[in-house]
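For reference, the structure discussed in these notes is given below.
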Amino acid sequence: MILKIITEPHLLLREKANPIKNPLDSEIQKFIPDLIKTMNHDEGIGIAAPQVGKLIQLVVINTKDEPLVLINPKIVSKSIWKEIREEGCLSIPGVFGMVKRHKKVKVEALNDKGKKVTIKGEGLLARVLQHEIDHINGILFIDKLIKKTKDKEHGDKVL
Ligand code: ZN
């Protein structure tokens, strides 16, 4: 089932999501494929559960292979080096802008089977991990914008 993505300024996007106690819970197991379908339907690189109005610490990320499912993800280390790249968000349609993020991050989480996993991300993956983990903390990329590059209200690039 494709879920409805909530958009800014929906208040649920600003709430902190709750940790998942039991990843094998049937409701969670049913929700994960729905969240993946929703991400793919809207051609997102990643999506966090709060973006469909569910305040749980669950993130899915598209990769070349299987989608990454991360439950209760935490950044455990990050590079000093940062880089600035353009970002957008399924919950803020039409808005894009430059955001500074750590170049590399290491994330610990549980996978969809409840097993502990460590993900080392660099470049785009590091960026998506930081963006999605921000979502479960009620933070949006527009909070970190260095400058807007595109806004649907204006239509054009406003670089
Ligand atoms: Zn987003």
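Where a number appears in this text, it was derived from the coordinates with a stated rule and is not lab data. Source: prediction; values computed, not measured. FYI the Cβ positions are ideal-geometry reconstructions off the backbone, even for glycines, and counts take in every protein chain you see.
Worth pointing out:
- For region 22-67, taking the residues that are under 16 Å from Ile2 (Cβ atoms) and among the β-branched types (Val, Ile, Thr), the one that is surrounded by the most Cβ atoms within 10 Å (Cβ to Cβ) is identified as Ile47.
- Of the candidates Gly46, Gly88, the single residue that is within 13 Å of the chain's Cα centre (by Cα), within 13 Å of the ligand (Cβ to nearest atom) and under 12 Å from Leu129 (Cβ atoms) is Gly46.
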